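The values are calculated or read from the model by the stated rules, or taken from the named source; none is laboratory data. Quick caveat: nothing in here was measured; it's all calculated off a predicted structure. Cβ placement follows ideal geometry from the backbone for every residue including glycine, while neighbour counts extend to all protein chains displayed. The protein model used for the area step is the full one, side chains on, heavy atoms only, and it has no ligands, DNA or RNA in it. Shrake-Rupley method; radii C 1.70, N 1.55, O 1.52, S 1.80 Å.
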Amino acid sequence: DEQENELAKQVIYAPADGVVSYLASKSIGEYVQARETFAMVVDPALVQVECIDDRVRDLSIGQEVSVVFNGETYAGKIVMTLGNAPAELNKASPFIRVEITDSLPDRNLQGHGAVIKIVKEMKENVLILPQGTISEYLKEKYVLVLDNGVKKERPVETGIEDNNNVEIVSGLEEGEEVIYK
């Protein structure tokens, strides 16, 4: 009875139901430091996605993102970064962990791939052109326009860019014909 009572004292109880998503590598009898993360328990109804990439270096906890599973987009927020990760995770590369905040389908998404979309800047009612229409020479950007049937170079000032489009801040007006190179 004494041994069973002692064994019962050695059990760690989580404050909530869930699944162990992380367990420190410890041997029996090995000391656990105060405030050291020994285990992480997650609610299986909550899905988290992790992204390891240098481009997430400047993102912060609480920032809103979109997560795409199988073509469906869900809202999420960043809940962990390299800066606040437990040391035991041994993360050397910049990463984020995102918790999905929208309701998810009733199927298990664990192990499925996802795309995380992050809006860094956004403007509305702007003039945009495809990336391929912008040229650069000696750090000056320009586009080719058709002016009275003549092809001319027009210097432009650009703004927000993504992989496909560039915002035109000045140098071009809506409706002008731009030649794609």
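Applying 1/(1 + (r/R0)^6) with r as the Cβ-Cβ distance of Ser135 and Val42 and R0 = 41 angstrom yields a FRET efficiency of 0.25.
Highest mean packing first, where packing is the average number of other Cβ atoms within 10 Å per residue, the peptides 117-124, 161-168, 95-102 line up as 95-102, 161-168, 117-124. Annotation: per residue accessible area for region 1-104 equals 73 Å², rounded to a whole number [probe 1.4 Å, protein chains only].
Please give the calculated 222 nm ellipticity per residue for the chain, where each DSSP H segment of at least 4 residues contributes -39500 (n - 2.57) and the sum is spread over every residue; nearest 500 deg cm²/dmol? Present the calculation step by step, with values, prior to reporting the outcome.
On the way: 1 runs with 8 residues, N = 181.
Calculated mean residue ellipticity at 222 nm is -1000 deg cm²/dmol.
Among the chymotrypsin sites (Phe, Trp or Tyr not before Pro) in region 3-77, those located in a DSSP loop and surrounded by at most 15 other Cβ atoms within 10 Å of their own Cβ are Tyr13, Tyr31, Phe38. Candidates Ala24, Val150, Gly175 compared by Cα position along the dipole of the chain: farthest toward the positive end lies Val150, with charges placed on Cβ.
Using DSSP to define loop residues, name the GluC sites (Glu not before Pro) in region 1-72 whose beta-carbon has at most 14 other beta-carbon atoms within 10 Å.
Values: sites: Glu2, Glu4, Glu6, Glu30, Glu36, Glu50, Glu64, Glu72; in loops: Glu30, Glu36.
Sparse-neighbourhood loop GluC sites (Glu not before Pro): Glu30, Glu36.
Over the chain, the fraction of Cα-Cα pairs per 5 Å bin, rounded to whole percents and listed from the shortest bin up, is 1, 6, 11, 12, 11, 10, 9, 9, 8, 6, 5, 3, 3, 2, 1, 1, 1, 0, 0, 0.
Each Lys or Arg adds one and each Asp or Glu takes one away; over the other residues whose Cβ falls under 15 Å from the Cβ of Ala8, this sums to -3. Nonpolar atom fraction for region 25-140, defined as the carbon and sulfur part of the 1.4 Å probe accessible area, stands at 47 percent.
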